[in-house]
Amino acid sequence: MDEHSPEASQSEIWVPYVDGASNDLVAGAGLVLESPRGVLTNFVLKFVYKVTNNEAEYREIIAERGVARATKVRKLKVKSD
């Protein structure tokens, strides 16, 4: 098993960093998921409907839970501004 795969360290804590942004034209959010070994994986969401900055961040946190579940990550420590 690859040492960077979630399955290799599912009992360890993964740290997602989220930030959202919106204006009158577009809204989105970014996620950087850091493995226990320091490997970073980036994700970007673009919303096709109007949301506030905070709503963009909340939706990104919900999305990160889905990513964690899909990759068998069991422990997350969320960091957000």
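The figures follow:
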quantity: Looking only at segment 57-81, and only at residues there that are of a type in the set (Asp, Glu) and over 12 Å from residue 33 (Cα atoms), the one that is modelled with the highest pLDDT; calculated: 57
quantity: Conditions (1) at pLDDT below 80; (2) in contact with an Asp or Glu (Cβ under 6 Å, 6 or more places away or on another chain): number failed by residue 54; calculated: (2)
quantity: Qualifying residues in segment 44-68 (those that are among the basic types (Lys, Arg) and surrounded by 11 or more Cβ atoms within 10 Å (Cβ to Cβ)) - the one nearest to residue 15 (Cα to Cα); calculated: 65
quantity: Among (1) assigned to a strand (DSSP E or B); (2) in contact (Cβ under 8 Å) with a residue 12 or more places away in the chain - the single one residue 50 does not satisfy; calculated: (1)
quantity: Enumeration of residues in segment 8-43 that are exposed (fewer than 15 other Cβ atoms within 10 Å of the Cβ), part of a strand (DSSP E or B) and at pLDDT below 85; calculated: 21
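The values are calculated or read from the model by the stated rules, or taken from the named source; none is laboratory data. The shown structure was predicted, so the numbers you read here are calculated from the model rather than taken from an experiment. A quick note on method: Cβ atoms are made from the backbone with ideal geometry, for glycine too, and the neighbour counts reach across all protein chains shown.
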